[in-house]
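Reading through the structure tokens given below for one structure.
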Protein chains: 2
Amino acid sequence: MELFDALHGRRAIRQFIAGEVDDDTLRRILAAGMSAPSAGNEQPWHFIVIHNRATLAALSAAHPYAEMVQHAACAILVCVDLKLVKHLDYWPADCAAATQNILLAVHGLGLGSVWVGIYPRDTRLQEVRKVMTLPEHIIPFSLLPIGIPGEKKPPEDRFRSERVHEDRW
Amino acid sequence: MELFDALHGRRAIRQFIAGEVDDDTLRRILAAGMSAPSAGNEQPWHFIVIHNRATLAALSAAHPYAEMVQHAACAILVCVDLKLVKHLDYWPADCAAATQNILLAVHGLGLGSVWVGIYPRDTRLQEVRKVMTLPEHIIPFSLLPIGIPGEKKPPEDRFRSERVHEDRW
């Protein structure tokens, strides 16, 4: 898929139909995430790929906006490993860039996903941590259900000239 | 450019050669930024496009890792408008996704850029805010110099299988 078609065509997909995501496709999606920029190229991320139906259902129940996760073929939980972080304040931006790369790759491969935000909301962090039994130094950042799209959304033109300023505020 | 070539070929470009970035190209880059996902689709961002050489030089001086900014054709300062934010905790992720889309678009158009992090470091925020005379509700998130690449970097394979986990940590 052409880059700009991917940038403008990627939309939040919350409905999925039955169908698996094969390992090679998942590897391409994960490699896209790991190609993201990070502060000082620290690459502090880990990715938990979840296929287990009981775990997907538990994640759906653990988050107020994650109902669709149980219907996806799988999900990727993007996490940071605080032991890998050299530039402490910037790891959420690193994980956000990796998340965005994954969403673009998913769309580019004909699949669908949606960014389910976890960090920095305390309740969401605790609930997801509990389901996944994460150690203290692993913080879940975002949850990305992935599957065959069960809804079609056209590209949306979000350009707003009033958000662009020349040289000064 | 093909999406995966863009995802893997985007690298931090810190050297620029002389040459302008035309308005149509800048519009495409900004539209890519505005196509990013955001919490509740709040799109809380503003973009200040800086061509003024004195301002670019002042920004270079205001940040410890922004020396290259003064040599770029222009720069985009990605900001949040706190008055537009509906999901308070998530705006840094929104701005990071917009930043990543911009970096990909820049690369896809044959130009170069690098993510200069500002938020949440206090000193950087204060210094950039001072140069740009931003009002209180406008927070600078990232600074992206854009120009004709003066260095060539090949795609880098950052895939690490040890960062991928199946179903559990």
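The values are calculated or read from the model by the stated rules, or taken from the named source; none is laboratory data. Everything quoted here is computed from the prediction, not taken from an experiment. Here the Cβ positions follow ideal geometry from the backbone for every residue, glycine too, while neighbour counts run over all protein chains shown.
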(message) Which residue is surrounded by the most Cβ atoms within 10 Å (Cβ to Cβ), if the candidates are limited to the range A:102-134 and must be over 23 Å from A:N52 (Cβ atoms) and within 9 Å of another protein chain (Cβ to nearest Cβ)?
(response) A:L104
(request) Select from the range B:143-163 the residues that are within 10 Å of chain A (Cβ to nearest Cβ) and either touching a Leu at 6+ places or on another chain (Cβ under 6 Å) or in a helix (DSSP H, G or I) (or both) and list them in ascending order. (result) B:S161, B:E162, B:R163
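Within the range A:69-88, take every residue that is surrounded by 15 or more Cβ atoms within 10 Å (Cβ to Cβ) and over 14 Å from the mean Cα position of the chain (by Cα) and give me the one that is nearest to B:R124 (Cα to Cα). Break it down stepwise before answering.
The initial filter retains those residues of the range A:69-88 that are surrounded by 15 or more Cβ atoms within 10 Å (Cβ to Cβ), namely A:69-81, A:84-85, A:87.
Restricting the remaining residues to those that are over 14 Å from the mean Cα position of the chain (by Cα) gives A:70-71, A:73, A:81, A:84-85, A:87.
Working: A:Q70: 42, A:H71: 43, A:A73: 43, A:D81: 25, A:L84: 23, A:V85: 20, A:H87: 14 Å.
Selected residue: A:H87.
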(request) Return the pairs, sorted by first residue and then second, in which the second residue is of a type in the set (A, V, I, L, M) and surrounded by 20 or more Cβ atoms within 10 Å (Cβ to Cβ), the first residue lies in the range A:1-19 and is over 23 Å from B:Q100 (Cα atoms) and away from chain B (no Cβ under 11 Å), the beta carbons are less than 6 Å apart, and the residues are 6+ apart or on different chains. (result) A:F16/A:A72
(request) Restrict the check to the range B:148-159 and report whether at least one residue is buried (at least 20 other Cβ atoms within 10 Å of the Cβ), aliphatic (A, V, I, L, M), more than 29 Å from A:H107 (Cβ to Cβ) and touching a residue at least 12 places away in the same chain (Cβ under 8 Å). (result) no
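Give the range A:88-101 a look and list any residue that's at pLDDT below 95 and facing chain B (nearest Cβ under 8 Å), or say none. Full working, then the answer.
Keep residues of the range A:88-101 that are at pLDDT below 95, which gives A:88-89.
Within the range A:88-101, A:D89 is the sole residue that qualifies.
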(message) Could you go through the range A:52-62 and let me know if any residue there is more than 17 Å from A:F16 (Cα to Cα) and surrounded by 22 or more Cβ atoms within 10 Å (Cβ to Cβ).
(response) no
(message) Quick check on my filter: what residues within the range B:20-37 are among the small types (G, A, S) and within 7 Å of chain A (Cβ to nearest Cβ)?
(response) B:A31, B:A32, B:S35, B:A36
(message) Which condition from (1) touching a helix residue (DSSP H, G or I) at 6+ places or on another chain (Cβ under 8 Å); (2) outside any helix (DSSP H, G or I); (3) surrounded by fewer than 12 Cβ atoms within 10 Å (Cβ to Cβ); (4) more than 9 Å from chain A (Cβ to nearest Cβ) is the one that B:P140 breaks?
(response) (3)
(request) Could you please find all residues in the range A:39-59 being over 30 Å from B:W115 (Cα atoms), facing chain B (nearest Cβ under 7 Å) and touching a helix residue (DSSP H, G or I) at 6+ places or on another chain (Cβ under 8 Å)? (result) A:I50, A:T55
